[in-house]
Amino acid sequence: MNGISAPAPVTGLPARYFTDMQVFARARENIFFRTWQYACHAGEVANAGDFVAFTLFDQDLFVMRGDDGAIGAFYNVCRHRGHKLLEGSGNRRAIICPYHAWRYDRAGKLRAAPHSDAVAGFARENIALHRVRVEEFLGFVFVNLDADAKPLGECYPGVREALLELCPGIDSMLPAHEFSANEECNWLIAVENYNECYHCKTAHPDFADGVIDAASYSIAPFGGGRCLRHRARANAGGNAWYPMSGKKYGSFYLWPATAIQVYPGGVLNAYCWRPLGVDETEVRRLWFSPDGAVDAELQKLIALDRDRTFAEDLQLVKNVQRGVRSRGFAPGPLIINPDGGIDDESPVAALHEWMRAAVD
Ligand code: FES
Ligand SMILES: [Fe+2]
């Protein structure tokens, strides 16, 4: 013994961060309602009047391309007595409430309200749908319920440039395929799992041998924002899922619930998580291509990813959620490797720091 005691290892978060309704409620208010959330891809609202409706916790929202060509985002709630206005996706010349037929234009302004002429002082011109902040980022449409939030580019500095370098043409790519699943876990367990590859060699042998060169994998905070950059060389071995020698893999996780990922050779894909409850999270798996088509090679890659990596993660996060509910659970030490690398869990520690800052 040299008399110098080693610092105690960093441990994970106590179970309540993944199981407690009050913590979940604080995450809703302090994280999800104040940060940028992926809504849809610009290619899904290409024309004036195209819309996509979606839900964030209990808040119904929609984005719609306006007559001026700009994408608007709105609360999906009528200014009369609150009925929901739009379901699913489609195109509308005007937004007509299904309850009493108030009619709004594509900019959310009230244009007609039946029999309102009978109401003295009814100021139609002062009534409009409530807007939500919206930004398009390389074709990805994000919304933010916080009117005072920083612009997206300031939240995640450098990501735009890094993605353009990794995937030239990213901003003109189109949605090609999407599927989703309900993960039986808290959203933070899902994004912790995404942001460490310590489990890759054990739990994703095909990914670790078919997409990336495991020895080169690293994940680290990027750009000074709440972003984690994943990087690796492409797998150059005989088990590669498609020809990819000499190309780079990279991903940018944007706190709290989006990851824009590029498989070697500029194959753009993404994850989007939406909490459904304290222990249930929807995960959307999105794939893009230059023309929105899925060729045979992409089809094979999507299927391999869905049936191996994605399916494997569904089981992992479900089992962790069950584990943190156990009376036998206590958070253990994280594997923090100062040299980084595939087995380093320091990105998980970064997520925990951001979580604590938001909910404690
Ligand atoms: S609630 Fe929409 S028109 Fe009445
Ligand atoms: Fe995984």
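Coordinate-derived values only; no laboratory data. Here the structure is a predicted model, which means the values were calculated and not measured. Cβ sites come from the backbone with ideal geometry, for glycine too, and all protein chains shown count toward neighbours.
Neighbouring Cβ atoms within 10 Å as the yardstick, rank 354, 241 fewest first.
Going from sparsest to densest Cβ surroundings: 354, 241.
Please give the length that would be gained between residue 201 and residue 343 if that part of the chain were fully extended, namely 0.36 nm times their separation in residues minus their C-alpha to C-alpha distance (nm, one decimal).
50.2 nm
Residue separation times 0.36 nm, minus the C-alpha to C-alpha distance between residue 335 and residue 25: what's the value?
Extra length available between residue 335 and residue 25 comes to 108.7 nm.
Would you kindly compute the Cα radius of gyration of the chain and its largest Cα-Cα separation (Dmax), both in Å?
Reported Rg and Dmax, both Å: 22.4, 89.
Please give the residues of region 53-85, grouped as numeric ranges, whose backbone N is less than 16 Å from a label point set 7 Å along the Cα-to-Cβ vector of residue 47.
64-70
To one decimal place, what Kirkwood hydrodynamic radius in Å is obtained for region 76-170 from all pairs of distinct Cα atoms?
Evaluated on region 76-170, it is 16.2 Å.
Report the percentage of all Cα-Cα pairs in region 1-112 whose separation exceeds 19 Å, rounded to a whole percent.
Above the 19 Å cut-off, region 1-112 has 58 percent of its Cα pairs.
Could you give the Stokes-Einstein D for region 157-359 in µm² per second, using the C-alpha Kirkwood radius, 10 °C, 1.306 mPa s?
Calculated translational D: 91 µm²/s.
How would you rank 244-254, 161-171, highest first, on the average number of other Cβ atoms within 10 Å across their residues?
My ranking of the peptides, most packed first, is 244-254, 161-171.
Determine, from the Cβ-Cβ distance of residue 327 and residue 84 and an R0 of 45 Å, the FRET efficiency 1/(1 + (r/R0)^6), rounded to the nearest 0.05.
Calculated transfer efficiency: 0.60.
Rank the residues 21, 64 as a footprinting-exposure proxy: fewest other Cβ atoms within 10 Å of their Cβ go first.
Arranged by neighbour count, lowest to highest, 21, 64 become 21, 64.
So between residue 118 and residue 180, what do we pick up on full extension, going 0.36 nm a residue minus the alpha carbon distance?
That works out to 17.5 nm of additional length.
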